[in-house]
1. What chymotrypsin sites (Phe, Trp or Tyr not before Pro) in the stretch B:65-106 are in a loop by DSSP, with at most 15 other Cβ atoms within 10 Å of the Cβ?
2. With both bridge residues required to lie in the protein assembly as shown, what share of the DSSP beta bridges run antiparallel, to the nearest 5%?
3. What average number of partner chain Cβ atoms lie no more than 10 Å from the Cβ of the residues making up A:68-80?
4. Would you pull out the residues with amide H under 5 Å of B:Gly251's amide H, same chain only if 5 or more places away, H placed 1.01 Å from N?
5. How would A:Val116, A:Val172 line up from fewest to most surrounding beta-carbon atoms within 10 angstrom?
6. Taking only the C-alpha atoms, wrap a convex hull around the stretch B:55-140 and report its volume per residue in Å³ as a whole number.
7. Quick one: 3J(HN,Hα) in Hz for the stretch B:43-53, Karplus 6.51/-1.76/1.60 with θ = phi - 60°, rounded, Gly and Pro as x.
8. At a threshold of 8 angstrom on Cα-Cα distance, excluding pairs fewer than six apart, so keeping six or more, what relative contact order does the stretch A:1-120 reach in percent?
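Only the coordinates and a few stated rules stand behind these numbers; no lab work does. Keep in mind that this is a model prediction, so the values were computed, not measured. Every residue, glycine among them, receives a Cβ derived from its backbone with ideal geometry; neighbour counts consider all protein chains shown.
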Amino acid sequence: MYTMGVDVGAITAKAAIFGDEGLLATAVILAGYDRASAALRVIDQAMKQAGLTRERIVRLVATGYGRVQVPGADRSVTEITCHARGAHYLCPDVRTVIDVGGQDSKGISVGANGRVLDFVMNDKCAAGTGRFLEVMAHALEADLADLGRLALSAPKRVKISSTCTVFAESEVVTHLATGTPRAEIIAGIHEAIAARIATMVGRISVQDVVMLTGGVAHNPGVAAMLEEKLGHPVLVPEHAQLAGAIGAALVARQQP
Amino acid sequence: MQPASAIRNLQSAIRDLRSQDNPRPVIGFLTAYVPQELFHAAGFDPVFIFPTPEDRGYARAHLPGFTCWIAGSAFDQALAGDLDNLSGMALAKTCDTVQGLTDLWQRNLPHIPLLHFGMPTRLEGPSTRRYLLAELQSLRQRIRALTGQPVRDEALRESIALYNRNRALVRRIYARASDIAPPDLYGLVRAAFQTPPQAYNDHIAQLLERPFVLPEEERQEARPRVVLVGPALADPVLFDVLAQADVCVVGDLLDLGERYFAVDGAESGDPLASLADRLLALLPTPTKYHPHHTRAAHLLSLVTERNADGVVFARQKFCEPHGFDYVQQAQALDRAGVPHLLVELEQASQAGQLLTRVEAFAEMLDDRKRLT
C-alpha cells in the first residue's frame, strides 16, 4: 500500500511517499503564492521519484498552513500532529519536537507512541520563525543558507535585546553603524531567535530526545544556540524539513 | 425538520424580531451582573451591547491601548452614535476597565444616561448582602428618576418570573449542548441577551417542543467533548472554528454562559432581596471571590459531570481578571490530568492560526480517546 503526505508551508511545499517497505520518496519545492499549484508540483515530483502514478497512492493526507488547498487530499491533519508522528518515525525516542518553519514555530511534547501530549505555538509575531532570519539576512546582505555557519564562526556575539523582527532590524542597523563585525551581529541574531523559541518551548515539559524540525533546522547556528538555551542536546535528523510530510504519510497509513 | 435547521430558523426569527420597531424603550448593558429584571420591570427591554468588528477609532482617543474589546467596542459604538436610540446604559462595576468606563461614559455621553451600581467583590461576608441591597435600592431610585415612575414590587416579581422562565429554557438548551453545533448553541445563548424575554421564551419553547434526536451520522458522541472557559460571547469566530474542528461543546464557564442562567430568583417575598440573592448565588466571575464557590473546583466538576475530554480557555486579549484566573484553573486541570488549550481572542480574530490550534487540540484529544 502506498500513501502520501503533503506539507504545504508558508515558504516550501514538501511531499513524502510511504510503501510497505518504508519511506520511498521525498520532494521539496518553493511554495510560491499559489498553494494548490505548488501542492500538485510537489506531488508530481515525489511520484516521479518513486516511479508511481497517482492511482497507486491509496490515501493522501495534507498538512501545513496550506493543507486545505491540496487538491485530491483525502483528509487534512494539522502540522502539529504530523510533525510529532514524523519525528517519532525519524527517532522513536523523541519526546520534544521543536518545529521552526517559515512563518511559525511550535513546541510539541510527544508520547512514546508518537502521539501529541501537549503543544505550544507562537502567536502572530514572526520573531521566532524563519521569517526573522530572512529579514536579518536581507539587512546584512548575507546568504540565508550561510547564516548559521557565519553565526558559529563569530568569536563573540552582540546582544540583540529585542526579538521583535521590526525592532531587531533597527538594532542591527545601529550595530552596523558602530562598526560591529557582521558575524558578531549574526551570532547575536541567532541567540535572540533561540532565546525566543526556548522561552516558548519552556511552557511545555522539555524532555530528551529534543528534535528540531522544519526548514530552520537546516541552520546549524539555531540548533547550536537552542542547545545552549534549553540545556538539552538538540537532534537534527537528515529529513528534519520533511518531518511534517512524513508524518502525514504515516497518518494516511493508519487511517481506516 | 432537523434541529440545526430549526435553530437557524429560530435565529432568523429572532433577527426579524429585533429589527421590528420595539414599542418598549431599550436599555443597553455590559457585565454579567446587571439585574435585567429591574430594568424590565421599569418598562425597558435590556439588551447586552456585544462588540462589533468595526473600529471607528472614537474610543481610542479616550481609552488606553490595553482596553479589552468588549468595553472598548461598546464605548466606540456609543461615541459613533450607534447607540443613540438607547434610553440608558447599565453597568455593574466589576473590573477596573468598567470602573474607568463609567467616568468616561458620563463625561462624553451625557445623552445616554448611565445607570451603574457597585457589585461587591466578596460574595460572602458580613456586610455583602446589606451593601448589595443598598446599591440595588439606589439603582431603583435612579431608574425612577429616569422614568418618573416607581418600579413596583409586583412588576418586579413578574419580571423575575419571566426571566426565571427564560433561564430555565436556556438551561434546557444547554442540556442538549452536545447535539447542537457551537455556532448554533451560542447563537441561541447570545440571542437571550438581545431579545425581549417574552418573545425569546415563546420561540425557544416552540423549538424545544420538537424532538431533538439527531440522525446517526450527525451524532457527536465520537467527537472530542470540551468545556469552554472565558469572559463573554464576544467573538463568533471562535464558535465557527470549534465547529470546523469538529469539536463538541458540552458545557461552559463563560461569564455570559451557563453560570449566568444557573440560578433563578425567588418569585415571592421582597423582590429586591430576590435579585440580590440571585446575584450573590451565581458562580463568581474572576473579578469576584467566594470562599466556597471556587471556579477551579466548579470547572473540574463540570468536566467530570459532562464527561469532557478537555477544556478550551478562550481569553479575550487584555482581560486581566481572566488571565489571572487561568493560571489557577490550568494548574487544577494539570493535577487532574485534564488536557487544556489556551487561545487568545482579539478584535475580529483571524481564523487561520486559531483553527490550527483548535484542530491540533481536537486531534490530540481524539488520540487520547482512541488509546483509552
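1. Details: sites: B:Phe66, B:Trp69, B:Phe75, B:Trp105; in loops: B:Phe66.
Qualifying residues, ordered by number: B:Phe66.
2. Working: 24 of 68 bridges.
If I count the DSSP bridges inside the protein assembly as shown, around 35 percent turn out antiparallel.
3. Working: counts 3, 0, 0, 0, 0, 0, 0, 0, 1, 3, 11, 3, 7.
Partner-chain Cβ atoms within 10 Å, mean over residues of A:68-80: 2.
4. Here B:Leu228 satisfy the definition.
5. On the way: A:Val116 25, A:Val172 22.
Sorted ascending by nearby Cβ count, the order is A:Val172, A:Val116.
6. Output value, Cα hull per residue: 93 Å³.
7. Each residue of the stretch B:43-53 in turn: x, 9, 10, x, 10, 6, 8, 6, x, 10, x Hz.
8. Numbers: 253 pairs, mean separation 25.8, N = 120.
So the answer I get is 21 percent.
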